[in-house]
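What follows is a set of notes on a single structure, which appears directly below.
The values are calculated or read from the model by the stated rules, or taken from the named source; none is laboratory data. In this text the structure is predicted, and so the values were computed from the model without any measurement. Note that we place each Cβ from the backbone using ideal geometry, even for glycine, and neighbour counts take in every protein chain shown. Quick note on the areas: whole protein, heavy atoms, side chains included, nothing else; ligands and nucleic acids left out. Shrake-Rupley method; radii C 1.70, N 1.55, O 1.52, S 1.80 Å.
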Amino acid sequence: MPDFAVNLSMLFTEVPLAERFSAAAEQGFSKVEIQFPYELPAAQILDLLQHNKQQLVLLNAPAGDWFSGDRGIACHPDRVAEFRQGVSLAIDYAKKLNCPNINILSGISPANYNSKLVRETFIDNLKFCAEVCANENIQLLVEAINTQDIPGFFLNNSRQAFELFQAIDHTNIKLQYDIYHMQIMEGNVIQTLRDNLDKIGHIQFADVPGRHEPQTGELNFSNIFKALDDMGYSGITSLEYNPSASTAESLGWLKQIA
């Protein structure tokens, strides 16, 4: 069975972020991830992790002004300095929290720039990130997101990601493969994972449609998890879904499947 972590930005939201660590620990989770941890000081998060005997396995670099509609800025030619400043902040948090992975969101393609420049900007930014993260022994991840939930999102399927990896040509970059997003965009989840496992550094999941917990949609997670075991996948597999009821109630699938 996969090594599960829980995303504290989407689960246990019945309580403030600072209280979600203990709520997750009570449900047996020793590994957690946070999309954007920056609302809390790193020292406070470290105390919470240590108190609850947990490891932070993933955080996202800042994604611009989320509440104003930004969904990442790594592909924005006019915001390179802002993006790289955010990466520095993410590295600072990751080092202080012993977090091994930083995830990058490309963002929505800006309409006022041609597609070639947008692609080149994203590649240049990822080259920069791969190198500075490698210098700190941090794995750089990049995530593809479906264009139904976020229309216009630049990086939106695994084939596109792997083509970009060839252009970037750096050993310190892998795909953060989100089963929910990739089921919507391309399907064929198990075969894609099997064919590209060496290029995948982290996995997240939710069922489709609805982005709720397993057993609420069309995906057979028993088969997916067994396939990951059979492939020898040794990375983290994270619960990143919107619970259909309370978080605790939504975890019933875990006992049945795992």
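Condition test on residue 71, is it outside any loop (DSSP other than H, G, I, E, B) and open to solvent by 40 Å² or more (accessible area, probe 1.4 Å)?
So residue 71 fails the test.
What single numbered condition from (1) under 27 Å from residue 25 (Cα atoms); (2) open to solvent by 60 Å² or more (accessible area, probe 1.4 Å); (3) part of a helix (DSSP H, G or I) fails to hold for residue 230?
(1) is the only condition that residue 230 fails.
List pairs: first residue in the stretch 75-96 and part of a helix (DSSP H, G or I), second residue loosely packed, with under 14 Cβ neighbours inside 10 Å anywhere in the structure, Cβ distance under 8 angstrom, at least six positions apart or on different chains.
77/117; 91/136; 94/136; 95/136; 96/43
Being in contact (Cβ under 8 Å) with a residue 60 or more places away in the chain and farther than 14 Å from residue 251 by Cβ is the filter; apply it to the stretch 14-36 and report the residue that is surrounded by the most Cβ atoms within 10 Å (Cβ to Cβ).
33
Given the conditions (1) open to solvent by less than 10 Å² (accessible area, probe 1.4 Å); (2) in contact with a helix residue (DSSP H, G or I) (Cβ under 7 Å, 6 or more places away or on another chain), report the number of the one that residue 117 does not fulfil.
(1)
Which condition does residue 49 not pass, out of (1) open to solvent by less than 30 Å² (accessible area, probe 1.4 Å); (2) not in a helix (DSSP H, G or I), if it passes all the others?
(2)
In this structure, is residue 198 free of Cβ contacts under 8 Å to residues at least 12 places away in the same chain and in contact with a helix residue (DSSP H, G or I) (Cβ under 9 Å, 6 or more places away or on another chain)?
No; evaluated as a whole, the condition is false for this residue.
Is it fair to say residue 53 is modelled with pLDDT of 95 or more, within 28 Å of residue 126 (Cβ to Cβ) and not hydrophobic (A, V, I, L, M, F, W, C)?
In short, no.
Looking only at the stretch 233-245, filter to residues that are open to solvent by 40 Å² or more (accessible area, probe 1.4 Å) and more than 15 Å from residue 2 (Cβ to Cβ); which one of those is farthest from the chain's Cα centre (by Cα)?
Among those residues, the one meeting the criterion is 245.
Filter the stretch 3-61 down to residues that are within 18 Å of residue 237 (Cα to Cα) and hydroxyl-bearing (Ser, Thr, Tyr) and give me whichever is farthest from the chain's Cα centre (by Cα).
30
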